[in-house]
1. Just to verify a result, which residue in segment 196-213, among those that are under 19 Å from residue 242 (Cβ atoms) and within 9 Å of the ligand (Cβ to nearest atom), is surrounded by the fewest Cβ atoms within 10 Å (Cβ to Cβ)?
2. Can you name every residue in segment 107-151 that is within 30 Å of residue 64 (Cα to Cα), over 12 Å from the mean Cα position of the chain (by Cα) and crowded, with 24+ Cβ neighbours inside 10 Å?
3. Out of 260, 268, report the one residue that is in contact with a helix residue (DSSP H, G or I) (Cβ under 6 Å, 6 or more places away or on another chain), at pLDDT 95 or above, away from the ligand (no atom under 13 Å from the Cβ) and assigned to a loop (DSSP other than H, G, I, E, B).
4. Quick check on segment 225-252: of everything there that is outside any helix (DSSP H, G or I) and within 19 Å of residue 119 (Cβ to Cβ), which residue is farthest from the chain's Cα centre (by Cα)?
5. Which of (1) touching a residue at least 24 places away in the same chain (Cβ under 8 Å); (2) within 26 Å of residue 259 (Cα to Cα); (3) within 16 Å of the ligand (Cβ to nearest atom) is the odd one out, the single condition residue 49 does not satisfy?
6. Quick check, is residue 104 touching a residue at least 40 places away in the same chain (Cβ under 8 Å), surrounded by fewer than 24 Cβ atoms within 10 Å (Cβ to Cβ) and part of a strand (DSSP E or B)?
7. Within segment 185-195, can one find any residue that is over 17 Å from residue 214 (Cα atoms), in contact with a helix residue (DSSP H, G or I) (Cβ under 8 Å, 6 or more places away or on another chain) and within 11 Å of the ligand (Cβ to nearest atom)?
Ligand code: ATR
């Protein structure tokens, strides 16, 4: 029997497209595990990028409690907020909006989605981290890695984008011609979209070895080629759902004020990933 009532607070993820999002399953599983499923409900809404002003009016009018933003809204929503957290400002993207009586605050929890799974297995201070990619996912990751004291090498197909990111946030940019350096990295993070739609990998197998930690932020495929190769080489692997999970865990706290039930949320994701 549903516990939803007139007092239930609504949270949602917006994106375009959004129908493949696993955030509703993850957050609702968290609410259920804590017995909050009458107090909160989490849904998904497809919102066109040109409708952001109307959407934000709706959030204030209807008292939507929390809004998680995915592509292409992480930058588009910023001008409509009352306040933006300094970290989200530095990263230049908001993935979490909290509504307190019409006052909208924007945060970024994406960087925690990369940093926290790594911190569970290693320290980052002084570690050599090869970050592959220079798009939205790489940007948050880079911020977190630099803050945690890592030495970051950014590799990107388009070198100029890696250079721009290094200038803005930190780290050193390399073109893929220097990919031999990947074998010298303690940690390799794939923050490109390679492996999402095809069985490709951004890292030649021969550069992987057992002293490394390899983290693939691709999560729609569970065992990506990169992670299969890394496992075969004896490296420690971190699956993409950990990123989705940990950014969601931090959002859960913003929306409910409570510590998230991490295992219940992880189980919900695992059920839905190939
Ligand atoms: P996201 O927000 O998921 O990071 P994005 O901003 O579109 O998505 O960035 C995609 C990243 O994947 C970029 O670093 C892109 O490299 P370019 O900057 O050169 O475009 C990288 N990428 C996508 N397809 C790739 C491919 N086939 N080979 C190498 N890198 C690729």
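The values are calculated or read from the model by the stated rules, or taken from the named source; none is laboratory data. Please read all numbers here as calculations on a predicted model, not as lab measurements. Neighbour counts run over all protein chains shown; Cβ positions are idealised from the backbone, glycine included.
1. Among those residues, the one meeting the criterion is 196.
2. The answer is 143, and nothing else.
3. Unique residue meeting the criteria: 260.
4. 235
5. The single condition residue 49 does not satisfy is (2).
6. For residue 104, the condition - touching a residue at least 40 places away in the same chain (Cβ under 8 Å), surrounded by fewer than 24 Cβ atoms within 10 Å (Cβ to Cβ) and part of a strand (DSSP E or B) - is met.
7. no
Yes or no, residue by residue, for (1) assigned to a helix (DSSP H, G or I); (2) under 19 Å from residue 215 (Cα atoms); (3) within 9 Å of the ligand (Cβ to nearest atom):
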| position | (1), (2), (3) |
| --- | --- |
| 114 | yes, yes, no |
| 124 | no, yes, no |
| 129 | no, yes, no |
| 138 | yes, yes, yes |
| 142 | yes, yes, no |
| 170 | no, no, no |
| 180 | yes, yes, no |
